[in-house]
Amino acid sequence: MTFFRTNRILICFLTSLTFYYSCTSETNFKENKPTERTQSRFIHTSFFSKTLNRDWNYTIYLPPSYHNSKSSKFEILYLLHGHGGNENAWMAENDLRYSIDSLITKDQLKEFVIAMPDGGNSWYVNGVEPIEDAFTNDFMSEINSNYRIYNEFSHQTIGGMSAGGYGSLRFILKYPDQFQNAILMSPAAYTPTPDLNSFARFDVPSFKNAKNEFSDSIWKSYNYPNYWTLFDKSKQHHLFYLSTGTSDCYKGIIQAVNKTLPSELSKRKKKVTFSIANYEGGHEMKVWKQALLDALKIIYKK
């Protein structure tokens, strides 16, 4: 049994490592000009973050009609990448972009903007760098100031995969009057502590102690259960879309999506609507893309 368990962990590690390098490779990023196939654009750019005291990269998707009008405004999806990724992760191969464009062209989706920051391996917490503060203050302000979006609660969605799902869950619970919807794709919402094979245990400096070892207490100090009280103070109604792959090698994620989070959300059924989807596949992009498209069809249904 130990042999097979060890090999499952190794397979999961290698799969995640492959995803790490595919997401961080600049050669995968293709900033295309509008073509006959699609008039949407996505732009790779940066701005100076006062909170981080450095330039901060991000990618933004602008829908087909964005440049045809100078007055129309759009809803906004803040989309976070997973561990080892960067601002290019979601749009690296263009197929997600084309899928969204196709749904818009077929009048199955309203047009909306997607903003994707480079979260590094921060897991979007105020750790080695104050990424959480930078996101909620600098990044959201950058998007609001430079793009024609609605910044009201009912027009803002937060979403992410894996570590980005962890960050998205923390954000909607901690800042419930900012985001109406959360799209949590294989969220690394481990509780009480991460799986033994999770990158959270050995590759996230913010979760380590002075001895450079993973710390249960530090993890728990950041983790999302701390913010249910803040969430409960909000008078807004929220929508949660939970999903994972049926063969995800992080068992804590399957547990979170199918049991732990639904249990907590069910306690709040008067002001929370949620759905659960399990897709064939593992901890991988094909699962997350399908989950994202399905959630978008509901949130941005035309």
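Where a number appears in this text, it was derived from the coordinates with a stated rule and is not lab data. Computed from a predicted model, the values in this text were never measured in an experiment. Neighbour counts are summed over all protein chains in view; Cβ atoms, including those assigned to glycine, are modelled from backbone coordinates with ideal geometry.
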* Asked: So, in nm, how far is label ILE276 from label ALA210 when the simple model puts each one 7 Å beyond its Cα toward the Cβ?
  -> 4.3 nm
* Given LYS174/LYS233; LYS259/LYS289; LYS269/LYS302; LYS110/LYS297; LYS235/LYS270, the pairs whose alpha carbons are separated by over 18 Å -> LYS259/LYS289; LYS269/LYS302
* Rounded to the nearest 0.05, what FRET efficiency is calculated for ASN57 and LYS302 with R0 set to 30 Å and r the Cβ-Cβ distance? -> 0.40
* Among ASN278, ASN121, ASN86 the positive-end extreme of the charge dipole of the stretch 2-299 (Cβ point charges) -> ASN278
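DSSP loop (so not H, G, I, E, B), at most 15 other Cβ within 10 Å: list which GluC sites (Glu not before Pro) in the stretch 115-154 pass both filters.
Working: sites: GLU132, GLU142, GLU152; in loops: GLU152.
Taking the stretch 115-154 and a limit of 15 other Cβ atoms within 10 Å, the loop GluC sites (Glu not before Pro) found are GLU152.
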* To do: Name all residues of the stretch 151-186 having a backbone nitrogen under 14 Å from the label point set 7 Å from the Cα of TRP228 along its Cα→Cβ direction, giving them as ranges.
  => 173-174
* aspartates and glutamates within cross-link reach of LYS286: Cα-Cα under 19 Å, excluding same-chain residues under 8 positions apart? -> GLU87, GLU93, ASP95, ASP101, ASP248, ASP294
* Applying 1/(1 + (r/R0)^6) with R0 = 22 Å to the Cβ-Cβ distance of ASP294 and ASN146, what FRET efficiency is obtained, to the nearest 0.05? -> 0.15
